[in-house]
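The values are calculated or read from the model by the stated rules, or taken from the named source; none is laboratory data. Everything numeric in this text was worked out from a predicted model, so none of it was measured. Note: ideal-geometry Cβ built from the backbone for every residue, glycine included; neighbour counts use all protein chains shown.
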Amino acid sequence: MLVNQVAVFLENRKGRLNALLGALSGAGVNIESLNIADTRDFGIVRLVTDDNDKAEAALKAAGFTTARGDLVGIEVADKPGSLTATLGKLSDEGVNLEYVYSYSRSGGKALILFKTDDVERAEALLK
Amino acid sequence: MRYYNEKIETMSRDEMTALQSARLVDVVKRTYEGAPYFREKMDAIGLKPEDIKGIEDIAKLPFTTKADLRANYPFGCFAVPKSEIARVHASSGTTGKLTVVGLTNRDIDDWAECDARALVMAGCDKDDIVHVSYGYGLFTGGLGLHYGSEKLGSVTVPASAGNTMRQITLIKDFGATALACTPSYAMVIGEEIEKAGYDIKDFKLRVGIFGAEPWSENMKKEIERKLNITAYDIYGLSEISGPGVSMSCPYQCGLHVMEDFFYPEIVDPVTLQPVPDGTTGELVFTTLNKQGMPLIRYRTRDISALWHDKCECGRTLVRMKRVSGRTDDMLIIRGVNVFPSQIESVLMNIKEIVGSHYQIIVDRVGNLDTMEIQVELAPHAFSDEVKDVEAIRRRIEHDMMGNLGVGAKITLVSPDSLPLSEGKTVRIIDKRKI
Ligand SMILES: [Zn+2]
């Protein structure tokens, strides 16, 4: 399955993450998953919310730079080694994973989300 | 109209030298007699006004600096009684007191003539509508272009700076054909026009006359694109005269100096010796015709070069290289001379950032100078992947190192998060306490 994500540029400045969260709560958006990729100089916040359109509009209005994109989400069985096996299969087939994080929808099962430049092949391989 | 003053602007070198020589002899005599600070300078080196017989003697004369003007604040450098002064202008420096200048009515008239010539150089005539967005007041920008435009007989719109949306409405509704302001404000106007969703083709703007701060060739291209105009450089400084000391012509090969009024020299900033044509150094001016506050060999601190060869536009007026920086804006980072214009020029070539918005922060950590350049990441260039954003940052650092010869840390910030003022933009924060 595909899961839509909003990525947000985060300057390395005090209070920016708070401002980001404030913009979302102010717009009544619920965050379902929040992942931060941090470097020494800047961060990228990756969000899945209950309304990504609304979230992106609120963030843009608050002066944030955003980018939208789809991630591949897979359900992984709750036993040791199953994630390694799944990701290994993709990598054996030459599908590049840019980044991976986990996401659990309220009341639902845990998903592993990953970014790849070849969504179609990844989905086919995982069927 | 090709020239505003054809006789002067196309004069032969011999005739110009004769005119400059006669005026130099006269101005040295007038300044010696009227301004005690200058008399003291001459007396200190045993030089008498009659020792100056022509322009070839100019290098014998002592230099004048901003420190002389400050020491004689406010009116001590005037060479005529106050009754002869018709107007004063003043400019604030980065340190200390204002620099005050006094103009007689003839000085104001000469200045207007310079700006009328400048407007004609940019292709303007009586039928043009000249929108002046330079600040009016103690700053010379607004009134300088204003008097020049009036003298030429163009329709002059004294808009002054500020309230950008109203400016845009006036430019559009009046059908302004020429815009005069600082380059950074031209950029602001261009950006606001885009943001407001106007189509630049609905405007009649044709030329821009920009000056009062150094700007790069790339920023010029960007302004030309945004405003759909041809941009001309105008140069001036309040001590010598405001804008109109020199002006670029359609051949864009430097700025023609109004050398019948302002005699230019380029000297080595360290040895103060004159350098040959084409060599970069500090620009020095002698005001040949000024009455109120004539200045002899005034060190501008601006970095330029001169060319005396003929220009294709037909003017014989000497050309000066567009000012690439100031000796006192020059940052010395770990012993390397860095001009903000160099930094700007690198940034303007990078499409992933908003090149005109940047800030330079210089500090000293331990005994080492550090330079951070904050630039705004363009929204279209943002990606959810760290490596893509990091690659942009690294590439700017690489280009900066290659161009400046000294490393700078690049920090990406969100669009519109850096201050962009309406007049002269403060781009450098030097936190070093040396
Ligand atoms: Zn020319």
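Residues in region A:27-51 that are part of a strand (DSSP E or B) and away from chain B (no Cβ under 11 Å): 6 in all.
Condition check ((1) at negative phi; (2) touching a Phe, Trp or Tyr at 6+ places or on another chain (Cβ under 9 Å); (3) not in a strand (DSSP E or B)) across all residues:
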site	(1), (2), (3)
B:Lys7	yes, no, yes
B:Met11	yes, no, yes
B:Leu19	yes, no, yes
B:Tyr32	yes, yes, yes
B:Lys53	yes, no, yes
B:Ile58	yes, yes, yes
B:Ala67	yes, no, yes
B:Thr99	yes, yes, no
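Of the strands (runs of 3 or more DSSP E) entirely within region B:155-258, those holding at least 2 residues that are touching a strand residue (DSSP E or B) at 6+ places or on another chain (Cβ under 6 Å) and within 16 Å of the ligand (Cβ to nearest atom) occupy B:207-211, B:230-237, B:241-248, B:255-257. Selection of region B:395-409 for residues being farther than 12 Å from B:Asn349 by Cβ, under 28 Å from the mean Cα position of the chain (by Cα) and within 14 Å of another protein chain (Cβ to nearest Cβ) yields only B:Ala408. For region A:29-54, the set of residues classified as under 26 Å from B:Arg393 (Cβ atoms) and of a type outside the set (Asp, Glu) consists of A:Leu34, A:Asn35, A:Ile36, A:Ala37, A:Thr39, A:Arg40, A:Phe42, A:Gly43, A:Ile44, A:Val45, A:Arg46, A:Leu47, listed by residue number.
Scan B:Asp277, B:Asp302, B:Asp268 and give me the residue that is assigned by TED's automatic domain parsing to the domain that holds B:Val101 and under 17 Å from the mean Cα position of the chain (by Cα). Break it down stepwise before answering.
Working: B:Asp277 fails: under 17 Å from the mean Cα position of the chain (by Cα); B:Asp268 fails: under 17 Å from the mean Cα position of the chain (by Cα).
Matching residue, one of B:Asp277, B:Asp302, B:Asp268: B:Asp302.
Put simply, of B:Gly292, B:Gly211, B:Gly278 the only residue that is at pLDDT below 95 and surrounded by 24 or more Cβ atoms within 10 Å (Cβ to Cβ) is B:Gly211. Given the structure, is A:Leu24 more than 9 Å from chain B (Cβ to nearest Cβ), in a strand (DSSP E or B), surrounded by 13 or more Cβ atoms within 10 Å (Cβ to Cβ) and within 18 Å of the chain's Cα centre (by Cα)? In short, no. Scanning region B:259-273 for residues that are more than 16 Å from the ligand (Cβ to nearest atom) and part of a strand (DSSP E or B) turns up B:Phe262, B:Tyr263, B:Glu265, B:Ile266, B:Val267.
Looking only at residues that are more than 9 Å from chain A (Cβ to nearest Cβ) and part of a loop (DSSP other than H, G, I, E, B) in region B:353-394, which one is nearest to A:Val6 (Cα to Cα)? Here the residue is B:Gly366.
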